[in-house]
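Have a look at the structure below before the remarks.
What follows is calculated from the coordinates using simple rules that are stated; it is not laboratory data. Note that this is a predicted model, so its numbers are computed, not measured. Heads up, the Cβs are rebuilt from the backbone with ideal geometry, glycines too, and the neighbour counts pull from every protein chain shown.
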Amino acid sequence: DTEVTQTPKHLVMGMTNKKSLKCEQHMGHRAMYWYKQKAKKPPELMFVYSYEKLSINESVPSRFSPECPNSSLLNLHLHALQPEDSALYLCASSQLPRGLAGGTDTQYFGPGTRLTVL
Amino acid sequence: GQQLNQSPQSMFIQEGEDVSMNCTSSSIFNTWLWYKQDPGEGPVLLIALYKAGELTSNGRLTAQFGITRKDSFLNISASIPSDVGIYFCAGLGVTGGGNKLTFGTGTQLKVEL
């Protein structure tokens, strides 16, 4: 099973709203990722969690706040977003960073959340 | 951020034709991955390559990890309408904070019946 699930599928929010995106995987993966993708462009990395700890933040604005409550769950909390933040938000997971315990690092993506900020 | 050079940018082919696309980089990668993405969906992993020179097949798909570790190609044989979509290559490198994927710019494939 290589399934990563994301909820909701679609989200429309105003600039003053607070909302959260959720991601879940049950593959025993210890690295999880958030990406942002604009139409017809490749995904752009936002955050990486390794062993439930934030290991990479790609200079993402503080209106995006990630959280990893446990090894299976990853959240992205949204507050005071701008219309230009409208995009497809993708979650991914991988087994282990290469070089640690011999795990593979192939990333598996979820179906994404289509976010529209009005 | 950094992107890999992926070509062609788009292809419009006849059903049954073979397709070839490639990615090149100025950096060395330890792993090359090929994904396919349908509109409004997440990328789906097609093939993963872990060793320089490796040639791997998955049904009608064949991909190779370049011997210099700076390039990879993907071939699709006998294309069918459901092959339509955007194909991304991705190179995996390890930084101090963890593993990061660098994506190609994508190849949009359209298949004419």
Chain A, relative contact order in percent, only Cα pairs under 8 angstrom and at least six apart counted: 35 percent
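Note down the Stokes-Einstein diffusion coefficient of segment A:1-56 in µm²/s, whole number, using a Kirkwood radius over alpha carbon pairs, 10 °C, and 1.306 mPa s.
Numbers: Rh = 13.4 Å.
Answer, rounded: 119 µm²/s.
With +1 on each Lys and Arg Cβ and -1 on each Asp and Glu Cβ, and nothing else charged, work out how big the dipole of segment B:1-87 is about its Cα centre, in Debye to the nearest 20. Mind dumping the intermediate values first?
Values: 5 positive and 8 negative charges, 82 e Å.
In total the dipole reaches around 400 debye.
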Those cysteines in the protein assembly as shown that have no second cysteine Cβ within a distance under 4.7 Å are A:Cys68
Over the Cα atoms of segment B:44-87, what Rg and Dmax result, in angstrom? 11.2, 34
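Over the Cα atoms of chain A, what is the Rg over Rh ratio if Rh follows Kirkwood? Don't skip to the end; give the middle numbers.
Details: Rg = 13.8 Å, Rh = 14.4 Å.
Here Rg/Rh amounts to 0.96.
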Work out the P(r) tail for chain B: percent of alpha carbon pairs separated by more than 18 Å, whole number. 46 percent
19 Å Cα-Cα reach of B:Lys51 towards lysines, excluding residues that sit fewer than 8 places from it in its own chain: B:Lys70, B:Lys100
Springs between alpha-carbon atoms under 10 Å, Gaussian network over chain A: tell me which of A:Cys23, A:Cys91, A:Cys68 tops the mean-square fluctuations. A:Cys68
What FRET efficiency, computed as 1/(1 + (r/R0)^6) with R0 = 30 Å and r the Cβ-Cβ distance, is obtained for B:Ser7 and A:Asn57, rounded to the nearest 0.05? 0.40
What lysines does A:Lys18 reach when the alpha-carbon gap must be under 22 Å and sequence neighbours fewer than 8 apart in one chain are set aside? A:Lys9, A:Lys36, A:Lys38
Taking Cα atoms only, Rg over Rh for the protein assembly as shown with Rh from the Kirkwood formula is 0.97
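Averaging sequence separations of C-alpha pairs under 8 Å and six or more residues apart, then dividing by the length of segment B:32-113, give the relative contact order as a whole percent. List each step's numbers first, then the result.
Working: 156 pairs, mean separation 21.6, N = 82.
Relative contact order of segment B:32-113: 26 percent.
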Along Cα→Cβ, 7 Å out, is where each label goes; now give me the distance between the ones at B:Ile80 and A:Ala39 in nm to one decimal. 3.0 nm
Label-point gap, in nm, between A:Ala80 and B:Glu41 - each point 7 angstrom along Cα→Cβ: 3.9 nm
